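**Q** Pasting a structure here, questions to come.
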Amino acid sequence: MNEKLTKKKPCAKECPLRIVMDRLGDKWSVLIISILWENKTMRFNEIHNSIDGISLKVLTSCLRILEADKFITRTVYAEVPPRVEYSLTEIGRDIVPYIQQLSEWA
């Protein structure tokens, strides 16, 4: 059997590229990060109105994942009605130059 076929695959589960793509490779995460970069702090409906075609359910899911991965922070204010704002964390701000480079390349 060919030795190359029996070796470990180049992009196994612990591959750094796979980890990045799992976190940012969906359709909306990069757009959300870019919009928060431009606007600094935004409420849920402001983000939703800034992205054509995203459903409320998908936006909620993406925001939760980005928060869990520490790209964004969610701040809840004890008001009536409750006010929730989203902004980038330091990690989220650190990735913006790479997103901008990809955008320029594309």
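The values are calculated or read from the model by the stated rules, or taken from the named source; none is laboratory data. Every value quoted in this text rests on a predicted model; they were computed, and no experiment measured them. Cβ: placed from backbone, ideal geometry, glycine included. Neighbour counts: every protein chain shown. Remember, those area values only see protein heavy atoms, side chains included, never the ligands or the DNA or RNA. Shrake-Rupley method; radii C 1.70, N 1.55, O 1.52, S 1.80 Å.
**Q** Residue 95 fails exactly one of the following numbered conditions: (1) at pLDDT 95 or above; (2) aliphatic (A, V, I, L, M); (3) buried (at least 16 other Cβ atoms within 10 Å of the Cβ); (4) closer than 21 Å to residue 22 by Cα. What is the number of that condition?
**A** Single failed check for residue 95: (1).
**Q** Search the range 39-49 for residues being touching a residue at least 24 places away in the same chain (Cβ under 8 Å) and assigned to a helix (DSSP H, G or I), and hand back the single one that is most open to solvent (accessible area, probe 1.4 Å). First the steps, then the outcome.
**A** Of the range 39-49, the ones touching a residue at least 24 places away in the same chain (Cβ under 8 Å) are 40-44, 47.
Retained after the next criterion (residues that are assigned to a helix (DSSP H, G or I)): 44, 47.
Details: 44: 49, 47: 1 Å².
Ranking the candidates gives 44 first.
**Q** Next question, about the same structure. When only residues in the range 67-86 that are assigned to a loop (DSSP other than H, G, I, E, B) and touching a Ser or Thr at 6+ places or on another chain (Cβ under 7 Å) count, which is farthest from residue 38 (Cα to Cα)? Outline the logic, then answer.
**A** Filtering the range 67-86 for residues assigned to a loop (DSSP other than H, G, I, E, B) gives 69-71, 78-82.
Checking the rest, the ones that are also touching a Ser or Thr at 6+ places or on another chain (Cβ under 7 Å) come to 70-71.
Numbers: 70: 18, 71: 15 Å.
Going through the qualifying residues, I end up with 70.
**Q** I need the full set of residues from the range 67-92 which are open to solvent by 40 Å² or more (accessible area, probe 1.4 Å) and in contact with a strand residue (DSSP E or B) (Cβ under 8 Å, 6 or more places away or on another chain), in order please.
**A** 67, 73, 74, 75, 76, 77, 82, 83
**Q** Tally the residues that are modelled with pLDDT under 90 and not small (Gly, Ala, Ser), restricting the search to the range 11-44.
**A** Pass one, the range 11-44, residues modelled with pLDDT under 90: 11-27.
Within this subset, residues satisfying the condition of being not small (Gly, Ala, Ser) are 11, 13-24, 26-27.
Qualifying residue count, the range 11-44: 15.
**Q** Quickly run through the range 25-38 and pick out the residues that are in a helix (DSSP H, G or I) and closer than 14 Å to residue 58 by Cα. Explain how you work it out, then say what you get.
**A** Just the residues of the range 25-38 that are in a helix (DSSP H, G or I), to begin with: 29-38.
Hits for the range 25-38 are 29, 30, 31, 32.
**Q** Among the residues that make up the range 50-66, is at least one of them free of Cβ contacts under 8 Å to residues at least 24 places away in the same chain, part of a loop (DSSP other than H, G, I, E, B) and open to solvent by less than 30 Å² (accessible area, probe 1.4 Å)?
**A** Yes, the range 50-66 has at least one match.
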